[in-house]
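Engineer: Dumping the structure here so I can ask a few things about it.
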Amino acid sequence: HLGVTARITGRLHFLRLAQMLPRNVVDREEGRTRMTAMHTDVHATAKPNTAKERYRTVIIGGGTAGITVAARLAQHGEENIAIFEPSEKHYYQPLWTLVGAGLASADESVRSEADYIPEGVKWIKEFVEEIDPVAQTVTSRSGKKVGYDFLVVAPGIQLDWDRVPGLR
């Protein structure tokens, strides 16, 4: 049984998620970044959570949205947070406007992901292959199963520079 599902976008929504307002996750659309925050009520008929590792909050995606949520939660005293992000690279997307204008190169937007993972947040360097909202688990590509109380889905975008002729 899925208790709450909402799109979380913009600073106001990050703050509301960070404050963990019970069941008052706001559904509002602003801009293009989309995240989903899920809190699940597990009933007696639900599948048991068989995860050996469990976090209060699991975030799928270590881009700007995922890292911002993790940082805000940590700033508000929330502990036991994990981010699933397989990439060692973080792309600073605001610079892409200048890349498009020919004033910067795409390589200049690349940063080390490790520099942006908030202190105290566990970085799980794997892809998530499956989300089970009933059992409140995510399973990675390698088969690692992790439990959660709250799930934030912010996997970002798929870069494909070659889809736009002349972009490279």
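The values are calculated or read from the model by the stated rules, or taken from the named source; none is laboratory data. On a predicted model such as this, the values are computed, not experimentally measured, just so you know. Quick reminder, even Gly has a Cβ in these numbers, built from the backbone with ideal geometry, and neighbours come from all protein chains shown. The protein model used for the area step is the full one, side chains on, heavy atoms only, and it has no ligands, DNA or RNA in it. Shrake-Rupley method; radii C 1.70, N 1.55, O 1.52, S 1.80 Å.
Engineer: Out of all the residues in segment 71-110, which are at pLDDT 90 or above, within 18 Å of the chain's Cα centre (by Cα) and surrounded by fewer than 17 Cβ atoms within 10 Å (Cβ to Cβ)?
Structural biologist: Matches in segment 71-110: 75, 76, 79, 80, 86, 87, 88, 89.
Engineer: A further question follows. Read through the list (1) open to solvent by 90 Å² or more (accessible area, probe 1.4 Å); (2) in a strand (DSSP E or B); (3) within 20 Å of residue 78 (Cα to Cα); (4) not aromatic (Phe, Trp, Tyr), then give the number of the only condition that residue 130 fails.
Structural biologist: (3)
Engineer: Which condition number in (1) buried (at least 18 other Cβ atoms within 10 Å of the Cβ); (2) among the hydroxyl-bearing types (Ser, Thr, Tyr); (3) at pLDDT 95 or above is the one that residue 68 fails?
Structural biologist: For residue 68, the exception is condition (3).
Engineer: Among the residues of segment 50-74, which ones are over 17 Å from residue 158 (Cα atoms) and in contact with a helix residue (DSSP H, G or I) (Cβ under 7 Å, 6 or more places away or on another chain)?
Structural biologist: Within segment 50-74, 57, 59, 68, 69, 72, 73 qualify.
Engineer: Something else: Out of all the residues in segment 112-122, is one or more within 15 Å of the chain's Cα centre (by Cα), closer than 16 Å to residue 59 by Cα and part of a strand (DSSP E or B)?
Structural biologist: Yes; the residues of segment 112-122 include at least one that is within 15 Å of the chain's Cα centre (by Cα), closer than 16 Å to residue 59 by Cα and part of a strand (DSSP E or B).
Engineer: I'm checking my understanding of the structure. Among residues of segment 133-165 that are under 13 Å from the mean Cα position of the chain (by Cα) and among the aliphatic types (A, V, I, L, M), which one is surrounded by the fewest Cβ atoms within 10 Å (Cβ to Cβ)?
Structural biologist: Of everything passing the filter in segment 133-165, 157 is surrounded by the fewest Cβ atoms within 10 Å (Cβ to Cβ).
Engineer: When you scan segment 74-91, how many residues do you find that are under 23 Å from residue 139 (Cα atoms) and not in a loop (DSSP other than H, G, I, E, B)?
Structural biologist: 6
Engineer: Give the residue that is nearest to residue 93 (Cα to Cα), with candidates limited to residues of segment 110-168 that are in contact with an Asp or Glu (Cβ under 9 Å, 6 or more places away or on another chain) and among the acidic types (Asp, Glu).
Structural biologist: 113
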